[in-house]
Structure formats: structure tokens, C-alpha cells
Amino acid sequence: MSPGDGSTTIFTVNYRDEAPPDAREPRLRALFEHALDAILLTSPDGRIHAANPAACRLYGLTEAEIVAAGRTGVLDVDDPRLPNFLEERRRTGAVRGELRSKRGDGSVFPSEVASAMFRGVDGAEYTTLIVRDLTERNRIEAEREDLARAKDEMVAIVSHELRTPLASLLGFAELLLTRDYPEEERREFLGIMLHETQRLTALINDFLDVQRLDSGRHQLSPEPTSVRALVERALAAAGDDPAHASVVDLPNDLPLVLADPDRIHQVLMNLVSNSRKYSPGGGPVAITARWAGAAVELSVTDQGLGIPPEVLPKLFEKFYRVSSSDRRDIAGTGLGLAIVKGLVEAHGGRVRAASEGPGRGSTFAFTLPVADGPAPRTGVLTSAEPMPAAVGDVLIVEDNPAYASWMTHTLALHGNSTRTASSAEEALQAVAAARPGVLLLDLRLGGTMDGWDLLAILRGRPETHDLPVVIISAFEEKARGQALDLLEYLVKPVAMDRLVAVIERARVDRGRSVLMVDDEPSIRRMVEQALALEGIPCVGVQSGEEALSALEAEPDRYALVVLDLGLPGIDGLAVLDWIRSHSILRDLPVVIFTARHLSDEEKQSLSQRAEQIVAKGKGVPIQTVVARYLGQGSRADAAGQSGR
Ligand code: ADP
């Protein structure tokens, strides 16, 4: 019997079975044929005599090809561990170790090889090779190591990032409690404590976001959204940064995208703030967008520190931070980009990072799906949908970030949403992006225009001539505001309660008259009374004609129309059509208040043009519905009380 003749009787050697050899032979062959691991029969000089089917699958070769290839065809001869492996086998007769193996296509893979030498019945020396592919095992091990590393990093970062602000908070709180400091120092310490508290809040919010994204519990409310509005809002919120000019380049024909505006705001804010943070030497930050098939791709590009190519794939991992000397002093947790990725992917988009290398700037881009069809004019509320922002937010125009921050916090405490702008230019952008409910205006501003210039521009434009404006300034120039229809002129410092009260009044004065259209005097009176109890002014009219002339005369006066359908003359449906066909009234919320029984078809058609249908006498208090649209009342009040 000679090696290589296709026979495997060689295996009978050393096999301690009492059965005669010809009875054992078929069992040995079956063992060889069906083994899951690759088995090769070789000679110490590297020749291969036989290979089992598992070996053929592993190498992607036929047995004949394996035999022809020999040892150098299936092992990577450049593996530095190979000489030791062979030497050990020669010395001890058996060896097991990790070696790089080679497939038929030339690709190299990690493997575990066990090899033993024996003497055949023909007296010649043979070896067996049992080969296991370790690719999958190594992948799992690497993953485990990555996880362990990420966990270590997380613990290190969390303890550093939490302990540092906590140490300041603890230290200053103790000092303030145990010593008497002059007022100025007390305030300075409190300022530091406030700042550290804000840092902690942001950090904890990041942790919670990551946690929510990981567990798939992040609630998104995507809606057709203008890319330009998203970009303008982010830039207004990021504020002016003299070292990093913002350069915006958006094509005019971009389609609407399907986005949750608040979440994508968070994505853009993260990217813009990273671009500024990692460009310590300054330089422009460009925001661009382009069509990319069924998506729009937005990119943020800076000319800062750039990113080494080998770490590009890791940037979006949680807690990953580039550790190079040029960014040692830049604080962060490595969570920002993980949140960006999670939020974008939750929208069905993709993120990518690109950089020409260290010192050559970076681009971060993400896609958002294009929204199908035009944006709906108004949503029809169901009890599960959030309350609409019927009155709008407060736009704080203030160049002192600390004071802007105080106003933001104070107003937020009383349920007001706010945006901030630090210059007149930014304020104009923010107003164009979305008309605020109230403008809170400082007179001294960054940029070339002051508060008076801004006010003059706003009063000169038809869309903002009636915008409620409150001036809040250290200058006492109240008289100058008289011609400009100011709601209030506040001189700094302003007490918290006063600020809140003025903003509250701005809304009631300017935004909350309801037009009640009903021919039944008792119903008009009932609704007027109910709304008066809620502090909501109401104007009642008894016919369609009167409604049209009231709206025509003072289109800005009304925040909402409560409309009966069965009116004499011009009926409710005609009034509704008229409102919807007038561009300045098109977005005026209308609540249908009717005793008429409506078919499903009628309800469907009405629901496309009116905010809600409330059935008279069905136990739904109309004032609850109205308050809901005007931003008053609790969500719980309005929930589940849809009259439709
Ligand atoms: P953080 O900024 O808190 O470290 P991020 O997740 O936002 O965390 O970013 C991860 C890492 O990516 C950062 O540590 C930084 O080194 C790198 N990086 C992010 N944005 C940029 C950028 N615009 N230019 C250069 N490096 C960046």
C-alpha cells in the first residue's frame, strides 16, 4: 500500500479494535467522510495524500486539487509560527496550535491545526492534520473584547464626567453653607454651580438618549419637513460664533423630508457643535444638502483637526473618542455621534464620516427619506396626537448667553418653549423659519444691527407687522418704543415673576380671541361664558356673513374659530371653504361645533379642512377643546375627549 493511491487502509494502524481489519475499514471511512472538521492525511515532507469532504468545503477545492496543492497550498507558509509548529511535531510526534490557513482562492484565514505523526502499515511516516476555521470564534472574541473595552471606557468617562461637576457642586455648596462670602463671590459660586448642573443635565440626557436608542424605545414623530427650516433652526440655536462662520448652501428645489424636527435638530446641533469644537483654530462650517435618490443628504463640513483614516469606522461607536494630542483638552463623552447615528437610523437614514486626514477637516453627512406628496396643511387631531403649538414659542433675542440662558430656563419653568438668537440677523432667520408667538428683544445685540433696527424691519413687513414684541433692556429708552407698538418695555434686571406674567399677557392679548359662529344666542352665550372662565376672550357672531366680515376686517385677531354648520344664509361649510381659500387664514384652526348627525363621508371630508369636530350636547366641554388648541389646559384634560 503506497501513499497517494486513494486508499485509506493506512488508518488501520494503531487502531485497537479486535474486529478483523476488513470489518473495521467501512467504519473508519465513514468517520473520515462525515467528520465536521477538515482532516488531511499528509507526509512529514508536506505532501497530501487524502482530504475529507469537510476539508474540500473549507478550502473550496476538490480532493484532487488539495492533493495537488500540497501543504504549501493549504497553509500560509509566511506564518512565523509554522517552523516552530513543524519542529514541535517532529520532536514530540503531536502538536496543536494556531496557524494561518489558505483557501483555494488565495484568501488567508485563522485556524487551529492539530497534527500527529504515525507509522503506516507500509513502514512509512505519515501525519494527520485536523483543521478548524477560527474566523467566527475570533470575531466573537473581538466583539467581546470591544464590549469589555467599551465598558471600561464608559466607566472611566462616566466617573470622570460625573465626578468632576459633582466635585465642584459639592465644594461650592459646602463653602456657601459654612462661610459668609460677599454677594459678588456668592453669585460667582452660584454661577459655577449652575453651569456644572447644566453640564450634568446635558450628560444625563445624552445617557438617556443612548439608552432609549439602544432599547428601541425612542419615540419619533416624523412629518414632512423643510430641510431649510431644519438648517435655519439649528443655526439660530447654535448662535453666532465669530471664529466659525456658517456657510449654508441649499438647492432651492429640495423636496420635503420625512423627519421628526426636534430629533433632527438634535442631530444638526451635535454635528455643528462638533465642527466648531474640533476646529480650535477656527474656519468656516459649511452646511449643504443634495438629492440622493429617494433621500436628501445633508452634510456638515469643517476645516478643523480632521480624522485619521483608521478610526473613521469607529467614530459612531458609543464612548469612542479619538485620542490624539491635538484634542486632549477638548472635553466630551464620545456619545454625541452615537446619538446622531441612532437618531438618523431611526428615521431610516444613514450616516457617514469622511476626512482627508489629520489637519484637513471633516465632513459628516446623513440622509433623510424624501416625504411622499405635499406636507399636510393641518393634522386632524386624535386624542393620541400631541397638542399643536397654536400660540408659538418665545424668540429670545439677546447677545448675552448667560442672560439668554436665564430667560430660557425661567420661561421653560412655566411651560414656554423658546428659541434664542444673539443678533438681529439671526433673529430674522429664526422668524422666517417659524413665526414665534412673542419676541423678547434686547436692544444691544451682536452683529451690525441693534434691537431698534430689528424692530423697524419687523414692523415694515406684512407677515410680522403685528408680532407681539417685549423689549428687555438695560437702557431706559421706553419713549422711543411708543410708535413701534410695543407690548411692554422691561428694564433689566427683571424679576422672574414679572417676566413670566408679561409673556403670559402677550399671548392672551395677541393670540387668544376666539370667533364663535352660531345662530343660537343661548349657545353663543354658553360658550362665551365657559371661555371667559378660562380667561379666553371670545367674540360671538350669528351668521356666516358676519363671520366673513369679522375675519376680513381683522384677520390677525382670531386664534381659532368655533363654527356651527347649520347657519342661515352662508352656511358653516361655505365659511370653512372661504377660510381655507384665503392665504392668510389658511392655517387658522377651526373647530366644528354642530348638532347635525354627520355621515362617515362627511366627517372624512370635514376632517381634512377642520381641526376637530365636536358634537353639541355630547358631553365634550367646548372650552376644553378650545383651550387645548390655544395651548392652555392639560393634555390629560383634552385626551380622550375627541368629539368625533
Ligand atoms: P465627543 O465630542 O463627546 O468626544 P462625539 O461622539 O461627538 O463625542 O465624537 C466622537 C469623536 O469623533 C470625538 O472625540 C472627536 O475626536 C471626533 N470628531 C467628531 N466630530 C469631529 C469633527 N468635526 N472633526 C474632527 N473630529 C471629530
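Treat each spin label as a single point 7 Å out from the Cα along the C-beta direction, and report the ASP45 to VAL155 distance in nm.
Result for the modelled spin labels: 5.7 nm.
Report the far tail of the P(r) of region 24-73, meaning the percent of Cα-Cα pairs longer than 13 Å.
54 percent
For a paramagnetic label modelled at 7 Å from the Cα of ARG179 toward its Cβ, which residues of region 191-219 fall within the zone defined by backbone nitrogen distances under 20 Å?
Answer for region 191-219: 191-196.
Using the number of other C-beta atoms within 10 angstrom as an exposure proxy, rank ARG328, ARG580 with the fewest first.
ARG328, ARG580
Over region 524-619, with a single point scatterer placed on each C-alpha, what log10 of the ratio I(q)/I(0) does the Debye formula yield at q = 0.17, 0.22, 0.24, 0.25 1/Å?
So the normalised log intensities are -0.77, -1.30, -1.50, -1.59.
About its Cα centre, how strong a charge dipole does the chain have in debye, to the nearest 20, once Lys and Arg get +1 and Asp and Glu get -1 at the Cβ?
1000 debye
Could you tell me the calculated FRET efficiency between ASP241 and VAL77, based on Cβ-Cβ distance and R0 = 60 angstrom, to the nearest 0.05?
Computed FRET efficiency for ASP241 and VAL77 comes out at 0.55.
For region 302-375, what percent of Cα pairs sit more than 20 Å apart?
36 percent
Compute the distance in nm between two label points, each set 7 Å from the Cα along the Cα-to-Cβ direction, one at ALA114 and one at ALA432.
7.4 nm
For region 32-184, report the convex hull volume of the alpha-carbon atoms normalised per residue, in Å³, without decimals.
Expressed per residue, the convex hull around the Cα atoms of region 32-184 is 192 Å³.
Express in % the proportion of alpha carbon pairs of region 113-179 at distances exceeding 19 Å.
69 percent
Rg/Rh for region 425-529 to two decimals, with Rh computed the Kirkwood way over all alpha-carbon pairs.
That ratio is 1.09, to two decimals.
In deg cm²/dmol, rounded to 500, what helix-only [θ] at 222 nm does the chain give when every DSSP H run of at least 4 residues adds -39500 (n - 2.57) and the total is split over its residues?
That calculation yields -13000 deg cm²/dmol at 222 nm.
Could you give the distance between the Cα centres of region 127-155 and region 397-412, to the whole Å?
Spelled out, the Cα-based centre of one part sits 51 Å from the other.
Would you mind estimating how fast region 512-573 diffuses translationally, via Stokes-Einstein at 20 °C and 1.002 mPa s with the Kirkwood radius over Cα pairs, in µm²/s?
Diffusion coefficient, whole number: 186 µm²/s.
So between ASN138 and ALA501, what do we pick up on full extension, going 0.36 nm a residue minus the alpha carbon distance?
Stretched fully, the ASN138-ALA501 segment lengthens by 124.2 nm.
Beta carbons within 10 angstrom, averaged per residue: use that to sort the peptides 97-106, 457-466, highest first.
Result, highest mean Cβ count within 10 Å first: 97-106, 457-466.
What is the Cα centroid distance between region 439-491 and region 54-119, reported in whole angstrom?
Computed from Cα coordinates, the inter-centre distance equals 82 Å.
Based on the alpha carbon coordinates of region 130-238, what radius of gyration and maximum Cα-Cα distance (Dmax) apply, in Å?
22.8, 81
Taking only the alpha-carbon atoms of the chain, what semi-axes of the equivalent ellipsoid follow from 5 times the gyration tensor eigenvalues under a square root, in whole Å, largest first?
Gyration-tensor ellipsoid for the chain: 72, 34, 22 Å.
ALA167 to GLN219: extension gain in nm, 0.36 nm per residue of separation minus the Cα-Cα distance?
15.3 nm
Every number in this text was worked out from the coordinates using simple rules, so none of it is lab data. From a predicted model like this one, the values you see are computed outputs, not experimental measurements. Cβ atoms come from the backbone with ideal geometry, glycine included; neighbour counts cover every protein chain shown.
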